[in-house]
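The values are calculated or read from the model by the stated rules, or taken from the named source; none is laboratory data. None of the values given here were measured: they were computed from a predicted structure. Virtual Cβ from ideal backbone geometry, glycine too; neighbours counted across all protein chains shown.
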Amino acid sequence: MENGRMERMESMEPISAHYTTAYPEIHPDSGYESRETADSQAKTPPAPTYDEELVHKTILVGDSGVGKTSLLVQFDQGKFIPGSFSATVGIGFTNKVVTVDDVKVKLQIWDTAGQERFRSVTHAYYRDAHALLLLYDITSKTSFDNIRAWLTEIHEYAQSDVVIMLLGNKADMSSDRAIRREEGERLAREHSVPFMETSAKTGVNVELAFTAVSKELKHRAVQHPNQPKFHIHEYIEAQKEKSGCCSYF
Ligand SMILES: Nc1nc2c(ncn2[C@@H]2O[C@H](COP(=O)(O)OP(=O)(O)OP(=O)(O)O)[C@@H](O)[C@H]2O)c(=O)[nH]1
Ligand SMILES: [Mg+2]
(Lines give C-alpha, C1' and ligand atoms only; values in the text may rest on other atoms or scores of the structure.)
(Ligands and ions follow the chains in the order given, each with its own letter.)
Protein backbone atom coordinates (compact mmCIF):
# COMPACT_ATOMS: atom_id res chain seq x y z
CA MET A 1 0.00 0.00 0.00
CA GLU A 2 3.01 2.30 0.17
CA ASN A 3 3.58 4.49 -2.86
CA GLY A 4 6.88 6.13 -2.00
CA ARG A 5 5.68 9.71 -2.28
CA MET A 6 7.11 12.38 -0.04
CA GLU A 7 5.21 12.90 3.16
CA ARG A 8 3.60 16.14 4.22
CA MET A 9 5.93 17.66 6.76
CA GLU A 10 4.80 19.85 9.61
CA SER A 11 6.81 22.75 8.20
CA MET A 12 4.80 22.76 4.97
CA GLU A 13 1.92 25.18 4.42
CA PRO A 14 -1.38 23.82 5.72
CA ILE A 15 -3.60 22.63 2.86
CA SER A 16 -6.45 24.80 4.13
CA ALA A 17 -7.21 27.24 6.91
CA HIS A 18 -9.69 24.68 8.21
CA TYR A 19 -7.45 21.65 7.88
CA THR A 20 -5.29 20.56 10.76
CA THR A 21 -3.08 17.59 11.23
CA ALA A 22 -3.30 15.75 14.51
CA TYR A 23 -1.63 12.94 16.30
CA PRO A 24 -3.16 9.94 18.04
CA GLU A 25 -3.14 11.36 21.54
CA ILE A 26 -4.99 14.50 20.44
CA HIS A 27 -8.74 14.05 20.48
CA PRO A 28 -10.95 16.29 18.32
CA ASP A 29 -12.95 17.34 21.35
CA SER A 30 -9.84 18.38 23.25
CA GLY A 31 -8.05 21.74 23.23
CA TYR A 32 -6.56 20.88 19.88
CA GLU A 33 -9.76 21.64 18.04
CA SER A 34 -10.35 24.94 19.86
CA ARG A 35 -6.81 25.99 19.00
CA GLU A 36 -7.60 25.23 15.37
CA THR A 37 -10.90 27.13 15.60
CA ALA A 38 -9.29 30.19 17.13
CA ASP A 39 -6.63 30.13 14.45
CA SER A 40 -9.06 29.83 11.57
CA GLN A 41 -11.26 32.56 13.04
CA ALA A 42 -8.32 34.91 12.76
CA LYS A 43 -8.10 34.29 9.02
CA THR A 44 -11.69 33.56 7.99
CA PRO A 45 -15.15 34.91 8.84
CA PRO A 46 -16.85 33.34 11.87
CA ALA A 47 -18.19 29.87 11.19
CA PRO A 48 -21.96 29.66 10.63
CA THR A 49 -23.97 28.45 13.58
CA TYR A 50 -25.15 24.84 13.61
CA ASP A 51 -27.26 22.59 15.73
CA GLU A 52 -24.86 21.50 18.48
CA GLU A 53 -26.66 18.16 18.59
CA LEU A 54 -25.80 17.46 14.99
CA VAL A 55 -22.07 16.93 14.78
CA HIS A 56 -21.28 14.12 12.41
CA LYS A 57 -17.87 12.52 12.40
CA THR A 58 -16.93 11.19 9.01
CA ILE A 59 -13.66 9.44 8.30
CA LEU A 60 -11.93 8.95 4.94
CA VAL A 61 -10.05 5.68 4.47
CA GLY A 62 -8.39 3.75 1.68
CA ASP A 63 -4.95 3.05 0.22
CA SER A 64 -2.30 5.74 0.02
CA GLY A 65 -2.67 7.82 -3.14
CA VAL A 66 -6.35 7.11 -3.88
CA GLY A 67 -7.19 10.79 -3.35
CA LYS A 68 -8.62 11.11 0.18
CA THR A 69 -6.97 14.45 0.93
CA SER A 70 -7.77 15.74 -2.56
CA LEU A 71 -11.43 14.75 -2.15
CA LEU A 72 -11.66 16.54 1.17
CA VAL A 73 -10.05 19.70 -0.20
CA GLN A 74 -12.34 19.64 -3.24
CA PHE A 75 -15.36 19.36 -0.93
CA ASP A 76 -14.10 22.01 1.48
CA GLN A 77 -12.69 24.55 -0.95
CA GLY A 78 -13.83 23.48 -4.41
CA LYS A 79 -10.19 23.30 -5.52
CA PHE A 80 -7.89 20.70 -7.04
CA ILE A 81 -4.22 21.40 -7.43
CA PRO A 82 -2.55 18.46 -9.19
CA GLY A 83 0.28 16.83 -7.28
CA SER A 84 0.06 19.41 -4.52
CA PHE A 85 -0.30 17.03 -1.60
CA SER A 86 2.28 14.80 -0.07
CA ALA A 87 1.17 11.57 1.57
CA THR A 88 -0.74 12.35 4.76
CA VAL A 89 1.17 11.72 7.95
CA GLY A 90 -0.94 10.48 10.86
CA ILE A 91 -4.33 12.08 10.52
CA GLY A 92 -5.84 15.46 9.69
CA PHE A 93 -9.27 16.96 10.06
CA THR A 94 -11.54 19.64 8.69
CA ASN A 95 -14.79 21.03 10.10
CA LYS A 96 -17.47 22.02 7.64
CA VAL A 97 -21.00 23.18 8.33
CA VAL A 98 -23.48 21.94 5.73
CA THR A 99 -27.21 22.49 5.41
CA VAL A 100 -29.31 19.34 5.30
CA ASP A 101 -33.07 19.79 4.83
CA ASP A 102 -32.84 23.34 6.23
CA VAL A 103 -30.90 22.17 9.29
CA LYS A 104 -27.26 23.13 9.78
CA VAL A 105 -25.09 20.14 10.52
CA LYS A 106 -21.42 20.22 11.44
CA LEU A 107 -19.37 17.65 9.61
CA GLN A 108 -16.11 16.83 11.26
CA ILE A 109 -14.15 15.05 8.57
CA TRP A 110 -11.09 13.02 9.44
CA ASP A 111 -8.56 12.41 6.71
CA THR A 112 -6.44 9.36 7.48
CA ALA A 113 -3.05 8.32 6.14
CA GLY A 114 -3.34 5.39 3.76
CA GLN A 115 0.19 4.20 4.37
CA GLU A 116 0.39 0.91 6.25
CA ARG A 117 2.69 2.22 8.97
CA PHE A 118 0.00 4.63 10.22
CA ARG A 119 -2.66 1.94 10.48
CA SER A 120 -2.57 1.70 14.26
CA VAL A 121 -2.97 5.49 14.49
CA THR A 122 -6.06 5.51 12.29
CA HIS A 123 -7.69 2.49 13.97
CA ALA A 124 -8.08 4.58 17.10
CA TYR A 125 -10.38 6.98 15.21
CA TYR A 126 -12.71 4.38 13.69
CA ARG A 127 -14.81 3.80 16.78
CA ASP A 128 -15.93 7.46 17.04
CA ALA A 129 -16.92 7.67 13.38
CA HIS A 130 -20.58 7.97 12.40
CA ALA A 131 -19.74 7.59 8.73
CA LEU A 132 -16.91 6.20 6.73
CA LEU A 133 -16.03 6.98 3.13
CA LEU A 134 -13.94 4.14 1.72
CA LEU A 135 -12.03 5.08 -1.43
CA TYR A 136 -10.25 3.23 -4.16
CA ASP A 137 -8.64 4.65 -7.29
CA ILE A 138 -10.29 3.48 -10.54
CA THR A 139 -6.83 3.39 -12.20
CA SER A 140 -5.35 1.14 -9.49
CA LYS A 141 -6.40 -2.51 -9.32
CA THR A 142 -4.42 -2.93 -6.09
CA SER A 143 -6.39 -0.21 -4.35
CA PHE A 144 -9.62 -1.91 -5.49
CA ASP A 145 -8.44 -5.38 -4.42
CA ASN A 146 -7.56 -3.98 -1.00
CA ILE A 147 -11.15 -2.83 -0.39
CA ARG A 148 -12.11 -6.21 1.09
CA ALA A 149 -9.25 -5.92 3.61
CA TRP A 150 -10.37 -2.38 4.45
CA LEU A 151 -13.92 -3.59 5.04
CA THR A 152 -12.64 -6.30 7.37
CA GLU A 153 -10.74 -3.66 9.36
CA ILE A 154 -13.76 -1.40 9.43
CA HIS A 155 -15.97 -4.17 10.80
CA GLU A 156 -13.34 -4.90 13.42
CA TYR A 157 -12.76 -1.34 14.66
CA ALA A 158 -15.79 0.80 13.75
CA GLN A 159 -19.25 0.91 15.35
CA SER A 160 -21.57 -1.70 13.89
CA ASP A 161 -24.07 0.96 12.70
CA VAL A 162 -21.47 3.17 10.97
CA VAL A 163 -22.65 4.47 7.58
CA ILE A 164 -20.24 3.15 4.96
CA MET A 165 -19.97 4.41 1.39
CA LEU A 166 -17.67 3.04 -1.30
CA LEU A 167 -16.15 5.60 -3.68
CA GLY A 168 -14.25 4.89 -6.89
CA ASN A 169 -12.16 8.06 -7.19
CA LYS A 170 -10.23 9.57 -10.15
CA ALA A 171 -13.21 8.96 -12.44
CA ASP A 172 -11.78 11.67 -14.73
CA MET A 173 -8.87 9.39 -15.71
CA SER A 174 -10.89 7.31 -18.15
CA SER A 175 -7.95 6.40 -20.40
CA ASP A 176 -6.09 4.79 -17.43
CA ARG A 177 -9.14 3.07 -16.00
CA ALA A 178 -8.36 -0.36 -14.52
CA ILE A 179 -11.68 -0.98 -12.75
CA ARG A 180 -15.00 -0.76 -14.57
CA ARG A 181 -17.81 1.03 -12.82
CA GLU A 182 -19.83 -2.20 -12.83
CA GLU A 183 -17.09 -3.90 -10.77
CA GLY A 184 -17.37 -1.18 -8.14
CA GLU A 185 -21.16 -1.50 -8.19
CA ARG A 186 -20.94 -5.27 -7.78
CA LEU A 187 -18.54 -5.08 -4.84
CA ALA A 188 -20.73 -2.47 -3.16
CA ARG A 189 -23.83 -4.63 -3.67
CA GLU A 190 -22.02 -7.64 -2.17
CA HIS A 191 -21.38 -5.62 0.98
CA SER A 192 -24.71 -3.75 0.93
CA VAL A 193 -23.08 -0.34 0.83
CA PRO A 194 -23.88 2.60 -1.45
CA PHE A 195 -21.43 3.35 -4.24
CA MET A 196 -20.50 6.08 -6.66
CA GLU A 197 -17.56 7.15 -8.75
CA THR A 198 -16.06 10.52 -7.86
CA SER A 199 -13.38 12.85 -9.11
CA ALA A 200 -11.53 15.10 -6.73
CA LYS A 201 -10.19 16.78 -9.86
CA THR A 202 -13.44 17.74 -11.60
CA GLY A 203 -15.54 17.61 -8.45
CA VAL A 204 -18.00 15.11 -9.90
CA ASN A 205 -20.14 13.54 -7.14
CA VAL A 206 -17.89 14.93 -4.39
CA GLU A 207 -20.54 17.09 -2.78
CA LEU A 208 -23.10 14.34 -3.24
CA ALA A 209 -20.98 11.80 -1.33
CA PHE A 210 -20.82 14.04 1.73
CA THR A 211 -24.41 15.26 1.40
CA ALA A 212 -25.81 11.74 1.18
CA VAL A 213 -23.95 10.72 4.31
CA SER A 214 -25.07 13.89 6.14
CA LYS A 215 -28.68 13.30 5.16
CA GLU A 216 -28.56 9.71 6.37
CA LEU A 217 -27.06 10.74 9.70
CA LYS A 218 -29.46 13.64 10.14
CA HIS A 219 -32.47 11.41 9.46
CA ARG A 220 -31.18 8.92 12.00
CA ALA A 221 -30.68 11.64 14.61
CA VAL A 222 -33.90 13.57 14.02
CA GLN A 223 -36.86 11.28 13.44
CA HIS A 224 -40.07 13.03 12.40
CA PRO A 225 -42.96 10.57 12.54
CA ASN A 226 -44.70 12.15 9.54
CA GLN A 227 -41.60 12.30 7.38
CA PRO A 228 -40.95 9.46 4.93
CA LYS A 229 -37.94 7.30 5.79
CA PHE A 230 -34.72 8.33 4.04
CA HIS A 231 -33.14 5.71 1.80
CA ILE A 232 -29.52 6.56 1.05
CA HIS A 233 -29.26 4.12 -1.89
CA GLU A 234 -32.31 5.61 -3.61
CA TYR A 235 -31.17 9.17 -2.92
CA ILE A 236 -27.78 8.50 -4.48
CA GLU A 237 -29.22 6.74 -7.50
CA ALA A 238 -31.52 9.69 -8.14
CA GLN A 239 -28.80 12.30 -7.71
CA LYS A 240 -25.58 10.90 -9.02
CA GLU A 241 -23.91 12.10 -12.15
CA LYS A 242 -22.87 9.27 -14.41
CA SER A 243 -19.13 9.83 -14.28
CA GLY A 244 -18.36 7.15 -16.87
CA CYS A 245 -19.97 9.17 -19.59
CA CYS A 246 -17.51 11.06 -21.78
CA SER A 247 -19.94 13.95 -22.20
CA TYR A 248 -19.45 15.02 -18.60
CA PHE A 249 -15.72 15.56 -18.82
N1 LIG B 1 -6.69 12.92 -11.98
C2 LIG B 1 -6.96 12.85 -10.67
N3 LIG B 1 -5.95 12.84 -9.78
C4 LIG B 1 -6.28 12.76 -8.47
C5 LIG B 1 -7.61 12.69 -8.00
N6 LIG B 1 -7.59 12.61 -6.65
C7 LIG B 1 -6.31 12.66 -6.28
N8 LIG B 1 -5.51 12.75 -7.37
C9 LIG B 1 -4.04 12.79 -7.36
O10 LIG B 1 -3.59 11.59 -6.75
C11 LIG B 1 -2.45 11.83 -5.92
C12 LIG B 1 -2.73 11.36 -4.49
O13 LIG B 1 -3.76 12.14 -3.92
P14 LIG B 1 -3.92 12.36 -2.34
O15 LIG B 1 -5.18 13.15 -2.16
O16 LIG B 1 -2.70 12.88 -1.72
O17 LIG B 1 -4.13 10.83 -1.86
P18 LIG B 1 -4.39 10.27 -0.38
O19 LIG B 1 -5.42 9.21 -0.51
O20 LIG B 1 -4.70 11.41 0.52
O21 LIG B 1 -3.00 9.60 0.01
P22 LIG B 1 -2.40 9.35 1.52
O23 LIG B 1 -2.45 10.65 2.22
O24 LIG B 1 -1.01 8.85 1.31
O25 LIG B 1 -3.25 8.29 2.15
C26 LIG B 1 -2.18 13.33 -6.02
O27 LIG B 1 -1.17 13.54 -6.98
C28 LIG B 1 -3.49 13.93 -6.51
O29 LIG B 1 -3.30 15.11 -7.25
C30 LIG B 1 -8.67 12.69 -8.99
O31 LIG B 1 -9.86 12.58 -8.71
N32 LIG B 1 -8.27 12.77 -10.30
MG1 LIG C 1 -3.79 12.15 2.18
>> Being part of a strand (DSSP E or B) and within 11 Å of ligand 1 (Cβ to nearest atom) is the filter here; which residues of the stretch 109-119 pass it?
In response: D111, T112
> Which residues, taken from the stretch 87-103, are of a type in the set (A, V, I, L, M, F, W, C) and within 16 Å of ligand 2 (Cβ to nearest atom)?
Replying inline: A87, V89, I91, F93
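Yes/no per residue for (1) surrounded by fewer than 22 Cβ atoms within 10 Å (Cβ to Cβ); (2) in a strand (DSSP E or B):
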position	(1), (2)
L107	no, yes
V121	yes, no
A129	no, no
S143	no, no
> For the stretch 222-237, does any single residue satisfy the condition of being at pLDDT below 95, within 20 Å of I138 (Cβ to Cβ) and not in a loop (DSSP other than H, G, I, E, B)?
Replying inline: yes
>> Regarding the stretch 150-161, can at least one residue be identified that is touching a strand residue (DSSP E or B) at 6+ places or on another chain (Cβ under 9 Å) and either within 14 Å of ligand 1 (Cβ to nearest atom) or among the aromatic types (F, W, Y) (or both)?
In response: yes
>> Against the conditions (1) modelled with pLDDT of 95 or more; (2) surrounded by fewer than 17 Cβ atoms within 10 Å (Cβ to Cβ), where does T198 fall short? Just the number, please.
In response: (2)
>> Conditions first: (1) over 16 Å from the mean Cα position of the chain (by Cα); (2) more than 10 Å from ligand 1 (Cβ to nearest atom). D128 passes all but one, so which condition is the exception?
In response: (1)
> Just for the stretch 93-105: of the residues that are among the β-branched types (V, I, T) and closer than 20 Å to K68 by Cβ, which one is surrounded by the fewest Cβ atoms within 10 Å (Cβ to Cβ)?
Replying inline: V98
> When the residues of the stretch 74-105 are filtered to those that are among the small types (G, A, S) and part of a loop (DSSP other than H, G, I, E, B), which remaining residue is nearest to ligand 1 (Cβ to nearest atom)?
Replying inline: G83
